[in-house]
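A quick write-up on the structure given underneath.
The values are calculated or read from the model by the stated rules, or taken from the named source; none is laboratory data. These figures come from a predicted structure and were not determined experimentally. Quick reminder, even Gly has a Cβ in these numbers, built from the backbone with ideal geometry, and neighbours come from all protein chains shown.
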Amino acid sequence: MATRQQTHESLLTKKMSDESYITLFMVGVLVAVFSAASLAVPNFYLPQNILNLITNNWYIVILGIGVTFIMITGNFDMSVGGTIALTGVLAVYFSQASNVSQNALANGLGLPYGVAVALALLGALAVGGINAFFIAQLKVPSIIVTLGTMMLARGVAQVITQGAQRNTSLPAVFGVVGSWTVPGTSIQLSVLIMVALIAIAYFVERKTVFARRVYLIGANPEAARLSGINVGRYLTILYLVNALLAGITGILLASEYKAGISSRAMGYEFDALVIVLLGGVSIMGGFGSVLGMFVGAIILSVVTSAATGLLLSPDWQFTLKSVVTFIAILGQRFALDKRKG
């Protein structure tokens, strides 16, 4: 009887992919971290706080979707924070009324909101296009290219805002998207967009040939080329989609705060990288999942919220996040090695 049960468990283990195994492992880590936080911070376990943990970091999750797929190919994108700032600033500048003040920061192009958003997203896609050209066509390392475009995007945003921000002469419609909530709740439209994007990304990851080829590119780029996959085209698509996701995030944040700020999203690229690594995506490529990334985002949210509840200084909060990330990644490696052993 025991032997039959062991055989059944062995079959279940074999059927479960390594990605699913690591995702379940990180769910266990999440439960442990949340339990510890609930013991240390008063009222941490309350339903409203749990909802806030899931919804408050929607922008990092949206970024994490694109970064997950790019890291599965073995590449990086550190330009997303700069792209968010640039897109938000452009949306504000294009929407601001023209020639209404002697203050240059109060004057824009006076375009309709829909046109302003479309043009701002084209600006985000331009950043993605630059990344794709240098990485996919010229074979420049992605970390170098995307750090450069991060600074380029933020630099253009600083020029447009003169190092400050633009927040006047905006049409009333500008703040609608960012402030709309589900009637009777505090759930923003941004959260619904996050959920929809996760669902789409999960479907693509699990059900499409595109995703299988992305995994192959990450596992063995040369084998992917020999099998007839146009690696450059796939990387181009991924960098354009990632830039678009960053642009959407920039539009939503600019609408929520009714301002275009050149310093917006400072450090978001690193938070996105952290949640992707926490979710089990391999830095070497070929391994990872969107659901794992989402679990990693909640873990980071729990740690950050608990650190705030404990009144830790920003320095100690950063240290705590680093320690938790390091331990979690080591735990993932140990769990995978034990499973294969």
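Remarks
- Filter result for GLN162 (of a type outside the set (Asp, Glu), out of contact with any strand residue (DSSP E or B) (no Cβ under 7 Å at 6 or more places or on another chain), under 19 Å from ALA243 (Cα atoms) and at pLDDT below 95): no
- When we screen PHE287, PHE326 for residues that are of a type outside the set (Lys, Arg) and farther than 13 Å from TYR21 by Cβ, the only hit is PHE326.
- Scanning the stretch 175-189 for residues that are under 15 Å from ILE54 (Cα atoms) and surrounded by 11 or more Cβ atoms within 10 Å (Cβ to Cβ) turns up SER186, ILE187, GLN188, LEU189.
- Being outside any helix (DSSP H, G or I), touching a residue at least 12 places away in the same chain (Cβ under 8 Å) and either farther than 16 Å from ILE84 by Cβ or of a type outside the set (Gly, Ala, Ser) (or both) is a property that GLY163 has.
- When LEU291, LEU320, LEU311, LEU252 are checked against the criterion of being without any contact (Cβ under 8 Å) to a residue 40 or more places away in the chain and either on the phi > 0 side of the Ramachandran plot or in contact with a Ser or Thr (Cβ under 6 Å, 6 or more places away or on another chain) (or both), a single residue qualifies: LEU311.
- Complete set of residues in the stretch 235-268 that are under 11 Å from the mean Cα position of the chain (by Cα) and within 28 Å of TYR21 (Cβ to Cβ): ASN242, LEU245
- Top-ranked residue in the stretch 96-148 [being closer than 30 Å to PRO171 by Cβ and among the β-branched types (Val, Ile, Thr); ranked as surrounded by the most Cβ atoms within 10 Å (Cβ to Cβ)]: VAL127
- Restricting the search to helices (runs of 4 or more DSSP H) fully inside the stretch 29-103 and requiring at least 2 residues that are aliphatic (A, V, I, L, M) and closer than 28 Å to ARG213 by Cβ gives 58-72.
- ALA118 falls short on exactly one of the conditions (1) within 30 Å of PHE203 (Cα to Cα); (2) touching a residue at least 12 places away in the same chain (Cβ under 8 Å), and that condition is (2).
- Filter result for the condition that a residue is under 15 Å from ARG166 (Cα atoms) and modelled with pLDDT of 95 or more, over ALA120, ALA126: ALA120
Every residue, every condition in (1) closer than 30 Å to GLY110 by Cβ; (2) out of contact with any helix residue (DSSP H, G or I) (no Cβ under 6 Å at 6 or more places or on another chain); (3) of a type in the set (Val, Ile, Thr), yes or no:
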| residue | (1), (2), (3) |
| --- | --- |
| ALA136 | no, no, no |
| ILE144 | no, yes, yes |
| ALA157 | yes, no, no |
| GLY163 | yes, yes, no |
| ARG166 | yes, no, no |
| MET194 | no, no, no |
| GLU205 | no, no, no |
| ILE217 | no, no, yes |
| GLY228 | no, yes, no |
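- Which numbered condition TYR45 misses (of (1) within 27 Å of TYR268 (Cα to Cα); (2) modelled with pLDDT under 95; (3) surrounded by fewer than 16 Cβ atoms within 10 Å (Cβ to Cβ); (4) out of contact with any Phe, Trp or Tyr (no Cβ under 9 Å at 6 or more places or on another chain)): (4)
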